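A.B. asks: Dumping the structure here so I can ask a few things about it.
The values are calculated or read from the model by the stated rules, or taken from the named source; none is laboratory data. All figures in this text were calculated on a predicted structure; none of them were measured in a lab. Here Cβ is always computed from backbone atoms with ideal geometry, including for glycine, and neighbour counts include all displayed protein chains.
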Amino acid sequence: MTEKKACSLCEIEKSKEFRIIYQDKKAIAALSPNPSSKGHVLLMPKEHYHIFEQVPDFIVSHLSKIANMISISVFEALHAKGTNILIQNGLPAGQKSPHFLIHIIPRYENDSINFQWASKQLKEEEMSTIELMLKEESKGIGNFKKEEDKPIKVEKKIEKIEKHDNYLIHQLERIP
C-alpha cells in the first residue's frame, strides 16, 4: 500500500467527514472536522505531499493565494476579528496528518486559543553560528521550481463546405 492510498486526506472528495468549501484542479479546502474555532478551514494540495518541503513552489504559490482568499471570506462571512494561517510541519510541530495542509483559523475576541510562546534568550555566539549556518543553507533561495507547461492538444476538424448557390463557389469547384 502506497502512502497516498493510506492517506485519508487524499480521498477527501469522497469523504462525508469533510464539508468542502472550495476546490480546483490543484487544491481543496474543507471545514475541519475537529475545529479549534468556528469556521476552521483545512486547505491542502490534491496531490499527496507529506511535508511542506516536498510541495513544489508553484503549488505553494497557488495555496497561498487560496489561503488569502479564504481568510478574506472568513472575515466577511463569519465576522472574524483575525485569522491565524498555520502550517504544522512535522510531528514535533504538531502535524497530525500524513498530508501537508494549511490551517486557516478564524479568531474572535476571547476565543481562548493561545499561540503565544516564551522567547528564548540565546548567546551572541549561538546567534552568529545560527546566522552563518542558515545563510549558507539559504543560498539557493530564489531558484523556484516552475510548473511544466503541458502541450496543448489540437483537434483537427475538417469542415466540408456544402454547396451553395453562390456562383464563385461553383467556379472553384470546377477548377481541376
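A.B. asks: Among the numbered criteria (1) over 27 Å from Lys146 (Cα atoms); (2) modelled with pLDDT under 90; (3) among the aliphatic types (A, V, I, L, M), which single criterion is violated by Leu78?
C.D. replies: The one condition Leu78 does not meet is (2).
A.B. asks: Hey, does region 141-157 have a residue that's surrounded by fewer than 10 Cβ atoms within 10 Å (Cβ to Cβ), out of contact with any Leu (no Cβ under 7 Å at 6 or more places or on another chain) and at pLDDT 85 or above?
C.D. replies: No, every residue in region 141-157 fails to be surrounded by fewer than 10 Cβ atoms within 10 Å (Cβ to Cβ), out of contact with any Leu (no Cβ under 7 Å at 6 or more places or on another chain) and at pLDDT 85 or above.
A.B. asks: Name the one entry in His103, His50 that is touching an Asp or Glu at 6+ places or on another chain (Cβ under 9 Å) and under 29 Å from Phe144 (Cβ atoms). Before the answer, list the steps.
C.D. replies: Working: His103 fails: touching an Asp or Glu at 6+ places or on another chain (Cβ under 9 Å).
Result of the check over His103, His50: His50.
A.B. asks: Within region 100-151, take every residue that is acidic (Asp, Glu) and part of a loop (DSSP other than H, G, I, E, B) and give me the one that is nearest to Ser64 (Cα to Cα).
C.D. replies: Of all residues in region 100-151, those acidic (Asp, Glu) come to 109, 111, 124-126, 131, 136-137, 147-149.
Of the ones still in play, those that are also part of a loop (DSSP other than H, G, I, E, B) are 109, 111, 147-149.
Working: Glu109: 25, Asp111: 25, Glu147: 16, Glu148: 19, Asp149: 21 Å.
The extreme case among them is Glu147.
A.B. asks: Of these, Asn84, Asn114, which one is within 17 Å of Ser36 (Cα to Cα) and loosely packed, with under 11 Cβ neighbours inside 10 Å? Lay out the reasoning, then the answer.
C.D. replies: Values: Asn84 fails: loosely packed, with under 11 Cβ neighbours inside 10 Å.
Result of the check over Asn84, Asn114: Asn114.
A.B. asks: Looking at region 73-95, I want the residues that are under 19 Å from Tyr22 (Cα atoms) and have a partner that is of a type in the set (S, T, N, Q) with Cβ atoms under 6 Å, at least 6 apart or on another chain. Which pairs are those?
C.D. replies: Close Cβ pairs satisfying both conditions: Val74/Thr83; Thr83/Ser71.
A.B. asks: Just wondering, is there one or more residues in region 128-140 that are modelled with pLDDT under 80, loosely packed, with under 10 Cβ neighbours inside 10 Å and of a type outside the set (D, E, K, R)?
C.D. replies: yes
A.B. asks: Please tell me if His164 is at pLDDT 90 or above and either farther than 30 Å from Pro33 by Cα or not small (Gly, Ala, Ser) (or both).
C.D. replies: Here the answer is no, as His164 does not meet what is asked.
A.B. asks: To continue, here is another question. In region 48-67, how many are more than 8 Å from the chain's Cα centre (by Cα), assigned to a helix (DSSP H, G or I) and under 22 Å from Gly94 (Cα atoms)?
C.D. replies: The qualifying residues number 3.
A.B. asks: Restricting to region 44-72, name every residue that is surrounded by 15 or more Cβ atoms within 10 Å (Cβ to Cβ), of a type outside the set (Val, Ile, Thr) and farther than 19 Å from Ile113 by Cβ. Step through it out loud before you land on a result.
C.D. replies: Initial filter on region 44-72 (surrounded by 15 or more Cβ atoms within 10 Å (Cβ to Cβ)): 44-52, 55-56, 59-60, 62-63, 66-67, 70-71.
Applying the additional criterion that residues be of a type outside the set (Val, Ile, Thr) yields 44-50, 52, 56, 62-63, 67, 71.
Of everything in region 44-72, those that are surrounded by 15 or more Cβ atoms within 10 Å (Cβ to Cβ), of a type outside the set (Val, Ile, Thr) and farther than 19 Å from Ile113 by Cβ turn out to be Met44, Pro45, Lys46, Glu47, His48, Tyr49, His50, Phe52, Pro56, His62, Leu63.
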